[in-house]
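The structure appears below as C-alpha cells.
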Amino acid sequence: MKTLTGFKSLKVLLLVKKFKGEEIPDGDITVDSGLQNLRVFSLFSCHMTGHIPAWISKLRKLEVLDLSFNRLTSTIPDIAKNIMPQASRVIPYGVLFLFFVLSTFISTNHACKEADHNSLLSSFDISSSRLNWSSSDCCHWEGIACDAEGRVTHVSLPSNQLQGSISRSLGSLTHLSHLNLSHNLLSGPLEGGLFLSWSCLEILDLSYNILSGELPLFLRKTNENGLKTLSFNDKDKIKGKYRVLFVKVPLFLSSSYIQIVDLSNNQFNATIPSSFLQHAWNLSSLNVSNNHFTGQIPSSICLRSTSLRVLDFSHNNFSGPIPRGLGNCSKLEVFRAGDNTLSGSLPADIYNAQALQEISLSTNGLVGSISENVGKLSKLKLMRLHYNNLQGHLPPSLMNCTNLVEINLGFNFFSGNISVLDFSKLTQLSKLDCISNNLTGTLPISLYSCKFLKALRLSSNDFEGQIQPEILQLKNLTFLSLSDNRLTNVTGAMKLLTGFKSLKVLLLAINFKGEEMPDGDITVDSGLQNLCVFNLLGCHMTGHIPAWISKLGKLEVLNLSFNRLTGTIPGWLGTLPHLFLLMLNDNLISGEFPKELCRLQALVSQKVANETGHCSFELPVYFQRGNNAIVLSSQYKYLRNMPRVISLRNKSLSGSIPFEIGQFINKFSGNIPDQIANLTKLERLELNSNRLSGEIPSSLSNLHFLSTFTVAYNNLEGSIPAGTQLQGFSVSAFEGNPKLCGAPLSNQCFPSNGNDADENENNQDLDDDEDQSLWFGLSVVLGFFVGGEGLEEGRVLESRLCSFFLFSICLQFLILILLLNRKAQGQVQIPNQRDEVKSGKPDSETESTNRSEYANNSNSFMVPDNFQTTSLFNVPVKARCPEDEEILMCTD
C-alpha cells in the first residue's frame, strides 16, 4: 500500500484474495497526495486482521469500498460521510453501491450452528470447486460470514467453479441476508422452497450461471374458514369439517428487506409472475437480462417499491407494450429493456421518472415519436433507442437534457431538419449516432460546439452541402461517419479533415458523386496520422489512387471500390505497414497486379499481423449487402475481427498473377467444403500445409480444368475419390496424410462397416461449421479479371468465387490462385514457381469469429460479427447500396 499510494491517477484498485492473514496497514500509510482519484477499492476475502484503517477517510472520490470476508475487529468508523455523496452517484454504465458487510467486521462469539454447518456442506459440491472448507467452524470458511450467534448470514462464493443445482438445503439458512453465487457453473431450475425461508434476504445474486426453467410455483393451502398456510404437498386433504385446497400460485420473494436481485446471464424462461416482487418494498435493483423470459414486463413494480434505481430486462423475449407506471419510480436511474420484441409507443409517464440517467430500449419494435416532455429528464446521460420504428421530428426540448453523454437513434424513421436544434447545450455529449434515418438539411454547426464529442455518425440520411471548417473544433473526434448523404466538394472536405490528429475512422462513402479524387492539393504530414479505417466507396469519383494515402502510416482498412478511378495500382500500397484489408473493386484500374502487394506485412508476417487490429471503435462499423428486397447488416465492434482481404475486381487488369502471392500463410481447419466444386473453371487448387480433416469430397471430380492440385500435409482420411482426375496427380499431392488411402497412394482402402459410416456422418455434422472457415479463404482471396478484351469477345472467361459465402475470420490467409479459362487468343501466363511457393507450419492458433450463412448466386459476400461475448446479428435496414454487388461498409 505504501507503494500504491504514489499513484495519482489510479481509479480502480482490486486486491481481492491477496495478502492472506496479514494485518491491514493503517498508521504507516499516508494518502494526502496519492490515490485522490480512486473510485473503487477492494480487499475482498483477504482474511486480514486489524481494524478499518483511518486513511480510507482521505479517499474523497471513493464510490465503492469492499472489505468483506476479512477478520477485522472493532467498530465501524464514521467514514461514510466522506464517501457516501460519491457513492450515491450513478455512473453511465451501471450502478455501484457502497457497502460494508457488517458481520465480517465483528468477531463472532460463537462457532457456527451445526444446522448451518450441515446445510452448507450438503448444498455445494466442494470437490469440484476452488473452496477449502477444512475448518470445523463454518464461520471461518472462505466466503462465509456469521452473526454474533453463529448463524450464517453471508454466503459469497462468486467465481469458484461451483457445479450442480442450487440445493434446497440452502433454505435452512434462515438468517441469510446476502447470497452471491455468481460466475459459477450452477445449472437446473430453482426450487420454490428456497425463497420462502429467506425472510431476511437483502442481496440475491445468481448471475452468470446456467440456471434454467421458469421461476417456480409453490402451493398455497386454504381452508373454508379463511385460514391460509403454506404447503408443498400436492394432494387434497380433509381435516375435520374443513376441506383444505392446495392451489399452485406464483413464487414470491418472502423477504421485505430484499434490495438487489440479479438473475442475469442464465437460461431462465417463461414469464416473471407479477407476484414475484409483491413484498419487495425496499428493492433498489432488479436485473434479469440475458435470459429467455417471455410475456410482458412485470407491471406495477414501482407501486411496490419506491426505492427502485435499476431495472434491466434487456436481451430476453419480452413482448407487448412497456407497462405504464414507470413514472411512479421517482428514484429510477437506469431502465434497460433492449433486444426484446416490445411494441407500442414510449409510455407517456416515463418522462415523469425525472431521476432517469439511462434509457436503453434498442432492437425492439417501438413506434411513435419522442415526446416534447423528454426535456423533463434533465439528468439523462444515455439515450439508446436504435433499431426501432420510431418516427417524427426530434423535439427541441431534447436539448434541455444537458447531461447527455450518448445519443443513439440509428435505424429508425426520424425526419426533419436537425440543423435547427441547438446542440451547443449538450456540453457533455460524447457520442451521437443517427445512422439510417430520414434527417435532412445541412450538417448542424451547433454540433461542433460539443467539445467532448468523440464519435459522430450521421450516415444514411439526406444531408446536403459541404463539411464546414468549424468541424475542426472537435479536437477529441476519433470516429466520423457521414456516408450515404448528398455532400459535395470532396477536395475541400479532405483539406479540412487532414487537420484532425486524433481521427481513427473516416467513412465518407456514397457522397461527392462524380467529383475528382483529390490528390496534389492534399498534405497529411501532420494530420490523419492515427487514421485506421478510410472509406470512399461508391462515390463514382474520377482520377487515380491518390499518393497522399501512402502517408497514412497506421492505415489498416482502405476501401475505394465503386468509383471510376483509372491508372495502375500503385506499388506503394504494399509498403503500408499495417494494411490488411484493401478493396479496389469496380473501378477502371488497368495494368498488372503489383508484386508489392504480396509483401503487405500484415498478411505475410505473423508478428505484424498480431500487432494489427488494435484500433478501437467508439461505435460499431456496419457492413451491408443490398439486393432488390432487403439489406443484411453485420456489425464490427473490434477491428481485429475484420477479414484480411485483397479484393481487386476490375475488368482491365492484365498480366501474370505474381508467384510471390504464395508468401501469404494459412492454417485452415475443418473439412474441405463441397462448394469448391461449383468453381468449375478452377485450374489450380493448393490446400497443402493446413489442418484440414475429413475426407476429400467426391464432388471435386467436377473440376475438369485442374492442372495443379495438392492437399499434402493435412489431417485428411478415407479414400481418394476413384475414377476422377485426382488419380492423375503425383503422390506428393497427397503425402503427409497418413489416413488417406487409394490411388495414387500405395495405401489400400478397406471397406468400412456401418458403424464407421455412421460415425463419419456424425463427424461431418460436427465439422460443418469448420468447413466454412476454409470456404471463407476461398471466397475472399482474389476477385479480379485478367485480360483486356472483355467477355463479349470470348477471349477471357471469368471464374468467380461468389456463388456462396460463409465467413470465418482468420488472422492468416489461404492462397487460392484462380486462373481463368484459356482461349486460343487470350491465354494467361503463370510462371511455374510451384517449388518456390512454400507454406510454413503456423505458430499459433488462429482467431475465428462466429459464422453466419448467406447463400446467393450474386457477386456478393457478407461479413460476420464476432461478439466473442457479442454475436452476429442480421437485421433488415434501409440502405441505398448498389444492388447485387460486393459491398463492404456500403451504408457506413
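Any read-out appearing in this document is the output of simple, stated calculations on the displayed coordinates, not a laboratory observation. The structure displayed is predicted, hence computed values, not measured ones. Reconstructed Cβ throughout: ideal geometry from the backbone, glycine too, with neighbour counts over all protein chains shown.
Sorting 554-565, 701-712 by average packing, meaning the other beta carbons within 10 Å per residue, from highest down gives 554-565, 701-712. Ordering F750, F479, F452 by the number of other Cβ atoms within 10 Å of each residue's own Cβ, fewest first, gives F750, F452, F479.
In this structure, the amide hydrogen of F617, modeled 1.01 Å from its nitrogen in the peptide plane, lies closer than 5 angstrom to those of L639, counting only residues at least 5 positions away or on a different chain.
Packing-based ranking of 126-136, 611-621, 736-746, 173-183 yields 173-183, 611-621, 736-746, 126-136, ordered from highest to lowest mean Cβ neighbour count within 10 Å. Projected label points at T294 and K554, each 7 Å from Cα along the beta carbon direction, are separated by 4.9 nanometres. Here each label is just a point 7 Å from Cα along the line to Cβ, and for K513 and V16 those points are 5.6 nm apart. Quick one: if the Förster radius is 41 Å, what FRET efficiency do N476 and K2 give, using the C-beta to C-beta distance and rounding to 0.05? The value I calculate is 0.70.
If you take the Cα centroid of segment 324-356 and the Cα centroid of segment 1-77, the two points sit 38 Å apart. With r defined as the distance between the Cβ atoms of N747 and Q161 and R0 fixed at 60 Å, what FRET efficiency is calculated, to the nearest 0.05? Once the sixth-power term is evaluated, E becomes 0.85.
Give me the Debye-computed log₁₀ of I(q)/I(0) at q = 0.20, 0.22, 0.26 Å⁻¹ for segment 275-334, equal point scatterers on Cα only, no solvent, two decimals. Debye intensities relative to I(0), on a log10 scale: -0.75, -0.90, -1.21. Annotation: amide H-H contacts under 5 Å for L186 (H modelled 1.01 Å from N, sequence separation of 5 or more, or interchain): I210.
For segment 120-219, how big is Rg over Rh, using alpha carbon atoms and the Kirkwood form of Rh? Rg/Rh for segment 120-219 comes to 0.94.
Once R0 is set to 41 Å, what does the formula 1/(1 + (r/R0)^6) return for the Cβ-Cβ distance between S256 and N37, expressed as a FRET efficiency to the nearest 0.05?
On the way: r = 39 Å, r/R0 = 0.94.
Result of the calculation: an efficiency of 0.60.
Note on K739 and V420: the extension gain reaches 107.7 nm, defined as 0.36 nm multiplied by sequence separation minus the Cα-Cα distance.
Subtracting the Cα-Cα distance of R130 and S707 from their residue separation scaled by 0.36 nm leaves 201.8 nm. Working value for segment 493-609: equivalent-ellipsoid semi-axes of 21, 19, 12 Å, each the square root of 5 times a Cα gyration tensor eigenvalue, largest first.
When a/c reaches 1.5 or more, the comparison of a/b and b/c decides; with that in mind, is segment 416-562 rounded, prolate or oblate per its Cα gyration tensor? Kindly include the intermediate steps, with their values, before the conclusion.
Numbers: a/c = 1.89, a/b = 1.32, b/c = 1.44.
Here segment 416-562 falls in the oblate category.
Please work out the Kirkwood hydrodynamic radius for segment 516-558, using every pair of different C-alpha atoms, and report it in angstroms with one decimal place. Final number for the Kirkwood radius of segment 516-558 is 11.2 Å.
By the gyration tensor of its Cα atoms, with a ≥ b ≥ c the square roots of the eigenvalues, what is the shape of segment 339-447: rounded for a/c under 1.5, prolate for a/b over b/c, or oblate?
Numbers: a/c = 1.60, a/b = 1.13, b/c = 1.42.
Because a/c hits 1.5 or more and a/b fails to exceed b/c, segment 339-447 counts as oblate.
Between E464 and H614, the contour length at 0.36 nm per residue exceeds the alpha carbon distance by 50.6 nm. Positive contributions from Lys and Arg (+1) and negative ones from Asp and Glu (-1), summed over other residues with Cβ under 13 Å from the Cβ of S172, come out at 0.
The distance from the alpha carbon centre of segment 578-594 to that of segment 412-445 is 35 Å, rounded to a whole number.
Give the shape of segment 120-159 as rounded, prolate or oblate, defined through the alpha-carbon gyration tensor: a ≥ b ≥ c are the square roots of its eigenvalues, a/c under 1.5 means rounded, and otherwise the shape is prolate if a/b is larger than b/c and oblate if not. Prolate is the answer for segment 120-159, as a/c is 1.5 or above and a/b outweighs b/c.
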